[in-house]
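Scroll down for the structure; my scribbles are underneath it.
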Amino acid sequence: MKKKTRSAMREIRHARLRKTLSGSVEKPRMAVFHSLKHIYVQFIDDENGHTIASASTLEPSVRGTLPGSCNIEAAKIIGRIAAERAIAKGIGAVVFDRGGHMFHGKVKALADAAREAGLKF
C-alpha cells in the first residue's frame, strides 16, 4: 500500500471538516490556507458560492510591510487585515475553517489576531 503524502492527508482532514462546516450570508466561512510560502484567508458564502472578502501575503499593498511571507508575524498581520476587511463588509461573526491544518502556530496566530480585531468565531 502506497503511503499518502502530507498534502493528501491534509485534503482528507479538510474534506472531513467540510462535512459539518458551511458558511451563510449572515455567518460566512473564514477559510484559511497556508503554503510553504504564503498565507491566504477568504470569507465565503457557501449558499451562494461567493467570496465576500479576502486577504493574502501576495497582495502588493501588504507584501512590502511583512517581516516574512509565511511565518507567525505575517499570519498576525494577515488575520488583522482580513478581519478589518470583513467588518467593513458588515461581517461580525464567522465559522472558522482551518483547512485541514492543525490549530496551532500560524493558523492559531491568524485566528487570535482576527478575534482581537473584532471578529467573533
Fill in the blank from the handout: Most exposed first, judged by fewest Cβ atoms within 10 angstrom, Arg115, Arg80 run Arg115, Arg80
Exercise for the section: Enumerate the calculated ³J(HN,Hα) couplings along region 84-100 in order (Karplus 6.51 cos²θ - 1.76 cosθ + 1.60, θ = phi - 60°), each rounded to whole Hz, writing x wherever the residue is Gly or Pro. Expected result: 4, 5, 5, 5, 5, 8, x, 9, x, 10, 9, 9, 7, 10, 7, x, x
Completion exercise
In this structure, among Lys4/Lys120; Lys3/Lys37; Lys4/Lys37; Lys2/Lys76, pairs with alpha-carbon gaps over 27 Å are Lys4/Lys120; Lys2/Lys76
Handout entry: Point-to-point label distance, His104-Asn71, nm (Cα→Cβ direction, 7 Å offset)
Key = 2.0 nm
Exercise for the section: Sort Leu66, Leu110, Leu36 so that the residue with the fewest other Cβ atoms within 10 Å of its own Cβ comes first and the one with the most comes last. Expected result: Leu36, Leu66, Leu110
Exercise for the section: Highest first, please rank the peptides 87-100, 12-25 by the mean number of other Cβ atoms sitting within 10 Å of their residues. Expected result: 87-100, 12-25
Practice task
Would you mind working out the magnitude of the charge dipole of region 6-116 relative to its Cα centre, with +1 at each Lys and Arg C-beta and -1 at each Asp and Glu C-beta, to the nearest 20 Debye?
Solution key: 440 debye
Problem - Potential lengthening between Thr20 and Ala93 on full extension [0.36 nm per residue; Cα-Cα distance subtracted] - result: 24.6 nm
Handout entry: Candidate aspartates and glutamates for bridging to Lys106, where Cα separation is under 15 Å - those fewer than 8 sequence places away on the same chain excluded
Key = Glu73, Asp97
Completion exercise
Rg (one decimal) and Dmax (whole number) from the Cα set of region 1-52, in Å, equal 13.5, 45
Handout entry: FRET efficiency for Phe121 and Ala8, using Cβ-Cβ distance with R0 set to 22 Å, rounded to 0.05
Key = 0.20
Handout entry: Kirkwood Rh (inverse of mean 1/r, distinct Cα pairs), region 6-116, angstrom
Key = 14.0 Å
Completion exercise
Placing +1 on each Lys and Arg Cβ and -1 on each Asp and Glu Cβ in the chain, then taking the dipole about the Cα centre, the residue among Ser7, Val107, Pro67 whose Cα reaches farthest towards the positive end is Ser7
Problem - the chain: relative contact order in percent, alpha carbon pairs under 8 Å with at least 6 residues between - result: 28 percent
Exercise for the section: For Asp46, enumerate residues with amide H under 5 Å from its amide H, sequence gap 5+ or separate chain, H modeled in the peptide plane. Expected result: Gly23, Ser24, Arg29
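Laboratory data are not the source of any read-out in this text; all were calculated from the coordinates shown. The structure presented is a predicted model; accordingly, all values stated were derived computationally and were not measured. Reconstructed Cβ throughout: ideal geometry from the backbone, glycine too, with neighbour counts over all protein chains shown.
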